[in-house]
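*Asks:* The structure is given below, and queries will be raised subsequently.
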Amino acid sequence: MKHTEIDALVKSWIVDAADKPANPRVQAIVLRLVADLCKAIEDLDISATEFWKGLEYLQEAGKRHELGLIAPGIGLERFLDMRADEADVKAGLTGGTPRAIEGPLYVAGAPESVGFARLDDGTEVDIAETLFMQGTVYDSKGNSLPNAKVEVWHANTKGSYSYFDQTQSAFNLRRTIVTDSQGRYSFQSIMPNGYGCPPDGSTQALLDLLGRHGNRPAHVHFFVTAPGHRKLTTQINIDGDKYLWDDFAFASREGLVPPVKRINDAAELAKRNLKKPFASIDFDINLVEEKPKAASGLVDRIRAAA
């Protein structure tokens, strides 16, 4: 069947068959997606068995809550970021800290503090490297932003996240830090590990068929907000990680790999009441002002909340 014939056929199903007012946006999206899928079935000679196995795969992935993992794994979440970057440039919104994917592991409601927070609950302090991270939130003119909200979350030494990993305490490695009068934030935590997709899960099953691994480098997530500024969704990757530039989610970006300093000075250790060396990362954050005619920087999606 020719593509023009498929377009006409799908239009008869999705548009012409409507017998009451339709949502024009939903109608246009479904029309395009169904037509493109029908063309793929025709062009690739997808069998009925392959089609139904595909639906079964998506059903199983939904039951396992892995659709939010598959989306970054096949590049879709990165593509959305690329489009958002392009839209920002067209709107004149430039110069801010690069965005990066949110991923599926944010949890709303983390405890809030001003200036500084301790993220970890201490259960891994004997086996983990202590991490101190600090920086200043600036506007596009280089002015510091007091009272900006910095939400931060990351994995433990096993690559697992609290809430999703029920063995961890509530909000372990999750905090909201309000910047101080000079726009600064800082936190003490542990050095996170990267994670791999569940080896028996839907995402890894697909990646295996594509000849790909399912590993992410160690990273730290951020939501950063301030009145009059666009919300920033970003993450930094830990320099030196094996998968630093081989992230299965395609989230590694220039400008988001700050250097890691190892501190073993006795005075610095004593000041922090530590007995062993620690890691330190400086990461300043630059927000851009909101513009009324620019596309919204907010993403409306279901997120976990505790």
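*Asks:* With the full set of protein chains in place, find how many percent of the accessible area of the chain is carbon and sulfur; take the probe as 1.4 Å.
*Replies:* 56 percent
*Asks:* Also, quick follow-up: Can you check what the net charge comes to around ASP241, using other residues whose Cβ is under 12 Å from the Cβ of ASP241 (Lys, Arg +1; Asp, Glu -1)? Could you put the intermediate results ahead of the total?
*Replies:* Working: positive: ARG216, LYS242; negative: ASP239, ASP246, ASP247.
Cβ neighbours under 12 Å give a net charge of -1.
*Asks:* Only bridges with both residues in the chain count here: give the DSSP antiparallel percent, nearest 5.
*Replies:* Values: 31 of 46 bridges.
Of all bridge pairs located within the chain, approximately 65 percent are antiparallel.
*Asks:* Please give, to one decimal in nm, the separation of the simple spin-label points placed at ALA40 and GLU289, each 7 Å out from Cα toward the Cβ.
*Replies:* 4.3 nm
*Asks:* Next question, about the same structure. Once the other residues with Cβ under 10 Å from the Cβ of ASN156 are scored (Lys, Arg +1; Asp, Glu -1), what is the net sum?
*Replies:* On the way: positive: LYS158; negative: ASP120, ASP121, GLU124, ASP165.
So the surrounding residues net to -3.
*Asks:* Quick one: ranking ARG83, ARG99, ARG184, ARG216 by accessible area, 1.4 Å probe, largest first, what do you get?
*Replies:* Working: ARG83 140, ARG99 40, ARG184 105, ARG216 10 Å².
Reading off the accessible areas and sorting them downward yields ARG83, ARG184, ARG99, ARG216.
*Asks:* Accessible area of HIS3, 1.4 Å probe, to the nearest 10 Å²?
*Replies:* Surface accessible to solvent at HIS3 totals approximately 80 Å².
*Asks:* Suppose the chain between LYS276 and ALA305 were pulled fully straight at 0.36 nm per residue; how much longer would it get relative to their current alpha carbon spacing?
*Replies:* Result: 6.9 nm gained on full extension.
*Asks:* How big is the antiparallel share of DSSP beta bridges in region 86-201, given as a percent to the nearest 5? Don't skip to the answer; put the middle values down first.
*Replies:* Working: 13 of 20 bridges.
Taking every DSSP beta bridge with both residues in region 86-201, the antiparallel ones total about 65 percent.
*Asks:* Using protein chains only and a probe of 1.4 angstrom, how many square angstrom of ASP43 are accessible, to the nearest 10?
*Replies:* 90 Å²
*Asks:* Could you give the accessible area per residue of region 111-229, probe 1.4 Å, as a whole number in Å²? Walk me through the numbers before you get to the answer.
*Replies:* Working: 4990 Å² over 119 residues.
On a per-residue basis, 42 Å².
*Asks:* Over all directions, the average projected area of the alpha-carbon convex hull for region 134-214 comes to how many nm²? The partial results should precede the final answer.
*Replies:* Details: hull surface 31.1 nm².
Average of the hull's projected areas for region 134-214 equals 7.8 nm².
*Asks:* Just to confirm, what accessible area per residue do you get for region 3-59 at 1.4 Å probe, in whole Å²? Numbers along the way, then the final one.
*Replies:* On the way: 4450 Å² over 57 residues.
Ligands and nucleic acids excluded, the figure is 78 Å² per residue.
*Asks:* Using the alpha-carbon centroid of each, what span in Å lies between region 36-51 and region 153-194?
*Replies:* 44 Å
The values are calculated or read from the model by the stated rules, or taken from the named source; none is laboratory data. Please read all numbers here as calculations on a predicted model, not as lab measurements. Using ideal geometry, Cβ is built from the backbone for each residue, glycine included, and neighbour counts are taken over all protein chains shown. In case anyone asks, the SASA skips ligands and DNA or RNA and just uses the protein heavy atoms, side chains included. Shrake-Rupley method; radii C 1.70, N 1.55, O 1.52, S 1.80 Å.
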